[in-house]
Amino acid sequence: MARVPLLQLSDISLTFGGDPVFDDLSLVVQPGDRVALVGRNGSGKSTLMKVMAGLVEADTGEVVAGPGVSVGYMEQDPDMAGFATLGDFAMHGLDASDLYKVERAGEGLKFDPARPVSTASGGERRRAALARLMAESPDLMLLDEPTNHLDIEAIGWLEAELKATRAGFVLISHDRAFLRALARATLWIDRGMVRRQEKGFDAFEAWRDATWDEEDTQRHKLNRKIKAEARWAVEGISARRKRNQGRVRALQELRAERAGQIKRQGTAAMAFEQGPKSGRKVIEVKDVAKSFGEKTIVEPFTLTIQRGDRIAFVGPNGVGKTTLLNILIGRDAPDSGTVTLGTNLEIALFDQTRAQLDPDMTLWDSLTGDPDMRVSGKADQVMVRGAPKHVVGYLKEFLFDEAQARAPIRSLSGGEKARLLLAKIMAKPSNLLVLDEPTNDLDVETLDLLQDLIDQYDGTVMLVSHDRDFLDRVTVTTIAMEGDGKATVYAGGWSDYQSQRRPKSTKEEVAKAKASGAKSKQKEAPSTSLTFTEKHRLDALPAEMERLEAEIVKLQELMSDPDLFTENPVKFQKATDALIERQARLDEAEEEWLNLEEKASA
């Protein structure tokens, strides 16, 4: 029996005063679909989702939901006028019996339902909108950038909820790890065309590149054909008076076909301006501590950052990652301890609040009014990497068109604001990049470019991010802040940090089980529920775990040397690999020991 679609779009066309956003678009969302909606910034992803939600009316075509199907949409910028608190907004349209759903979502997404709307940040408003959608439990969820402003713990909670749901969902996100975990199909918007592939996001980039390669091949063939026909037409004039008018018309049609092709959006021409080389020791902090009232942000913390380091700060929202970052670069003062900045430091700062952007200024004025970019006597030029450049030309390098140059910054999308801020900091020389949440709103292609630029950057990089894939790609050292005031240094990126850390519950469980097992062995005869091999293994495992623990301690002591990575990177990498391998073996041994101990006492 054929399934009834959740949602069906037929022959949708939509134009906003220029080229069509969509033309003759048709698609179907089936029950249980888990679809990633991907495309470049500005390609129309959010617009398509609003069409699907019934919030934007197409010029032509039809949008039909299945009989009895409920469709829920998570707004990027929810209108909370008339609501006193975030909880009031989240409960709107729900029954009192649904309160526990909102409270549960509030815990998972980390927002306070009692927070007044008037004092709530944009991120808190988005989390309230997401909690409302999760509590509504519609048959089809339309999620537009749900991970923005979520920390990694909240992203993990949402990921688990979406994995467990029986509802269908369409998801816009630039978080690769999130998309890989959830998507089973991919909708790709590219120049007004929507393609679908029944594969998850893992297969998207290969599919995209193959499609573009085929397009380039066909365009090359078309250009060769036009060139050949044009040569025939020119030579035919001298060879005979009467030309074959059919071939002339065919040439005109070929040229019209080429002119009608929509050129792909290029990649932003981003590059960091390399400043003078900093000293070898970039930042040295000794016993730095910071508190706000009774809340401890960081206990005495010591760290040496060397030239060329790539350091990430990770942890839940609100634990003080940005505060510690500001202490390290001298913007905030610690309560105690010392911070020593190295010589010749030139810092480029990407601020997650985008405070460097005045929403009422135009893009033009934001660049030409920057003292570090101003060119004396030239109102239409900015200083970029040591040379004057026309402001519109520079904006075009970051994928802005000429019409946007005089538009207010408040009219930009989140991705466009991020690109503008990158344009400002990339124009200035630097040798220390400080990137606080740089990945929010950037599309996959721009994230790839940013990653490559960080890889090629000769200076030092410190960043805060909740994008797990990005952290794995660019980070050499991870500093974890988990809300207890401790800042713990781990080698490697996010995955390395996860494999090295041992949850407290596991350690406590093993310790309790060991103690319980020791007491039971004193009181009872040896268990006969184990096979001979299992009993031998149970007896041998404690010594094996102690040996692995000792090896881990030695490796951690070796890697605590701040000069090891700089002076002997090969040895550092071998130690990192060995540490990860020993910790994985220890985790396996502890799990095996617990299972055997449980079987023995059963």
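The values are calculated or read from the model by the stated rules, or taken from the named source; none is laboratory data. All figures in this text were calculated on a predicted structure; none of them were measured in a lab. In this analysis, Cβ positions are derived from the backbone assuming ideal geometry, glycine residues included, and neighbour counts consider all displayed protein chains.
The residues of the range 406-438 that are farther than 25 Å from Glu145 by Cα, assigned to a loop (DSSP other than H, G, I, E, B) and small (Gly, Ala, Ser) amount to a single one, Ala427.
Taken together, the residues in the range 335-354 that are touching an Asp or Glu at 6+ places or on another chain (Cβ under 6 Å) and either of a type in the set (S, T, N, Q) or free of Cβ contacts under 8 Å to residues at least 12 places away in the same chain (or both) amount to 2. As a summary of the residue check, Phe22 satisfies the conditions (1) hydrophobic (A, V, I, L, M, F, W, C); (2) touching a Gly at 6+ places or on another chain (Cβ under 7 Å); (3) part of a loop (DSSP other than H, G, I, E, B) except for the one numbered (3). Taking the criterion of being crowded, with 18+ Cβ neighbours inside 10 Å and assigned to a helix (DSSP H, G or I), the only residue of the range 111-123 that qualifies is Val117. Set side by side, the residues Gly108, Gly93 differ, and just one is on the phi > 0 side of the Ramachandran plot and not in a strand (DSSP E or B), which is Gly93. How many residues are within 31 Å of the chain's Cα centre (by Cα) and within 30 Å of Ser10 (Cβ to Cβ) if we restrict to the range 66-111? Summing the residues that are within 31 Å of the chain's Cα centre (by Cα) and within 30 Å of Ser10 (Cβ to Cβ) in the range 66-111 gives 10. Just a yes or no: is a residue in the range 303-322 loosely packed, with under 14 Cβ neighbours inside 10 Å and more than 22 Å from the chain's Cα centre (by Cα)? No, the range 303-322 contains no residue that is loosely packed, with under 14 Cβ neighbours inside 10 Å and more than 22 Å from the chain's Cα centre (by Cα).
Considering the range 377-405 alone, what residues qualify as being in a loop (DSSP other than H, G, I, E, B) and touching a residue at least 40 places away in the same chain (Cβ under 8 Å)? Within the range 377-405, Arg385, Gly386, Phe398, Leu399 qualify. Against the numbered list (1) closer than 24 Å to Lys199 by Cα; (2) without any contact (Cβ under 8 Å) to a residue 40 or more places away in the chain, Asp79 comes up short only at (1). Restricted to the range 473-492, and to residues that are closer than 16 Å to Pro316 by Cα and buried (at least 21 other Cβ atoms within 10 Å of the Cβ), which residue is nearest to the chain's Cα centre (by Cα)? Applying the filter and picking the extreme gives Thr478.
Looking across the range 147-167, the residues that are part of a helix (DSSP H, G or I) and not small (Gly, Ala, Ser) come down to Ile152, Glu153, Ile155, Trp157, Leu158, Glu159, Glu161, Leu162, Lys163. Taking only the range 273-285 into account, find how many residues are over 20 Å from Gln456 (Cβ atoms) and surrounded by 15 or more Cβ atoms within 10 Å (Cβ to Cβ). Number satisfying all stated conditions: 4.
Can you work out which of the residues in the range 451-460 that are of a type outside the set (S, T, N, Q) and surrounded by fewer than 22 Cβ atoms within 10 Å (Cβ to Cβ) is farthest from Arg419 (Cα to Cα)? Working first, answer last.
Let us first name the residues in the range 451-460 that are of a type outside the set (S, T, N, Q), namely 452-455, 457-459.
This time we only want the ones that are surrounded by fewer than 22 Cβ atoms within 10 Å (Cβ to Cβ), so: 452-455, 457-458.
Values: Asp452: 16, Leu453: 14, Ile454: 15, Asp455: 19, Tyr457: 18, Asp458: 21 Å.
Looking at the filtered set, the residue picked out is Asp458.
The lone criterion from (1) of a type in the set (S, T, N, Q); (2) under 30 Å from the mean Cα position of the chain (by Cα); (3) at pLDDT 90 or above left unmet by Ser10 is number (2). If the condition is being within 15 Å of Glu284 (Cα to Cα) and out of contact with any helix residue (DSSP H, G or I) (no Cβ under 9 Å at 6 or more places or on another chain), then the range 314-336 contributes Leu324, Leu325, Asn326, Ile327, Leu328, Ile329, Gly330, Ser336.
If only one of Ala289, Ala355, Ala333 is farther than 24 Å from Asp151 by Cβ and either among the aliphatic types (A, V, I, L, M) or surrounded by fewer than 17 Cβ atoms within 10 Å (Cβ to Cβ) (or both), which one is it? Steps first, answer last, please.
Details: Ala289 fails: farther than 24 Å from Asp151 by Cβ; Ala355 fails: farther than 24 Å from Asp151 by Cβ.
The unique qualifying residue is Ala333.
Scanning the range 355-376 finds one or more residues that are free of Cβ contacts under 8 Å to residues at least 40 places away in the same chain and within 30 Å of Phe301 (Cα to Cα).
Restricted to strands (runs of 3 or more DSSP E) entirely inside the range 273-355, those with at least 1 residues that are hydroxyl-bearing (Ser, Thr, Tyr) are 281-292, 295-306, 336-341. Residues in the range 154-180 that are closer than 16 Å to Tyr73 by Cα and in contact with a strand residue (DSSP E or B) (Cβ under 6 Å, 6 or more places away or on another chain): 6 in all. Note on the range 183-209: among residues that are of a type in the set (Asp, Glu) and under 16 Å from Asp443 (Cα atoms), the one that is surrounded by the fewest Cβ atoms within 10 Å (Cβ to Cβ) is Asp209.
Of the helices (runs of 4 or more DSSP H) lying entirely inside the range 461-580, those containing at least 3 residues that are in contact with a helix residue (DSSP H, G or I) (Cβ under 9 Å, 6 or more places away or on another chain) and modelled with pLDDT of 75 or more span 468-474, 494-500, 532-559. Restricting the range 543-559 to residues that are out of contact with any Phe, Trp or Tyr (no Cβ under 8 Å at 6 or more places or on another chain) and in contact (Cβ under 8 Å) with a residue 40 or more places away in the chain, the residue that is farthest from Gly308 (Cα to Cα) is Glu544.
Does Ala58 satisfy the criteria of being assigned to a helix (DSSP H, G or I), crowded, with 19+ Cβ neighbours inside 10 Å and of a type outside the set (Ser, Thr, Tyr)? Let's see the steps before the verdict.
Details: assigned to a helix (DSSP H, G or I): no; crowded, with 19+ Cβ neighbours inside 10 Å: yes; of a type outside the set (Ser, Thr, Tyr): yes.
Against the criterion (assigned to a helix (DSSP H, G or I), crowded, with 19+ Cβ neighbours inside 10 Å and of a type outside the set (Ser, Thr, Tyr)), Ala58 does not qualify.
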